[in-house]
Amino acid sequence: MALNRITVDSLAANAVTNVAIANGTIESVDLADSGVVSGVYGGASQAAVLTIDTKGRVTSASNVQVSGIDAHPFVFTALGT
């Protein structure tokens with residue numbers, strides 16, 4: 001475990017708060033890596049699959065192919081016009 005990273009084992013209960021993160025006390029460089037590759041998940045033909053632990057951390061992320069969706073946009077018109 002790196003000494004300059006915040007991990008579950010190195011924290012007192014409730015030591016990290018949204019306020020501490022917002023005011024810059026805890027920066028992203030201080031947080032331990034989650035193992036999830038940063039990027040955009042999901043898209044026109046893929047849906048994002050995320051696993052989130054009880055602390056709200058994303059612990060895995062992947063894409064799954066979406067099938068059966070018409071690629072053409074729907075056109076809606078008002079009745080009576």
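A few points about this structure:
- Positions within region 39-57 being modelled with pLDDT under 90 and of a type in the set (Val, Ile, Thr), in sequence order: Thr54
- Extreme residue, modelled with the highest pLDDT, among residues of region 9-38 that are of a type in the set (Gly, Ala, Ser) and touching a Lys or Arg at 6+ places or on another chain (Cβ under 8 Å): Ser34
- The set of residues in region 35-54 being touching a residue at least 24 places away in the same chain (Cβ under 8 Å) and more than 22 Å from Gly68 (Cβ to Cβ) consists of Gly35, Val36, Val37.
- Residue in region 58-67 that is within 27 Å of Asn18 (Cβ to Cβ) and either of a type in the set (S, T, N, Q) or in the same structural domain as Asn18 (by TED's automatic domain parsing) (or both) present: yes
- Tally, over region 58-81, of residues that are modelled with pLDDT of 80 or more and small (Gly, Ala, Ser): 4
The values are calculated or read from the model by the stated rules, or taken from the named source; none is laboratory data. Computed from a predicted model, the values in this text were never measured in an experiment. Neighbour counts run over all protein chains shown; Cβ positions are idealised from the backbone, glycine included.
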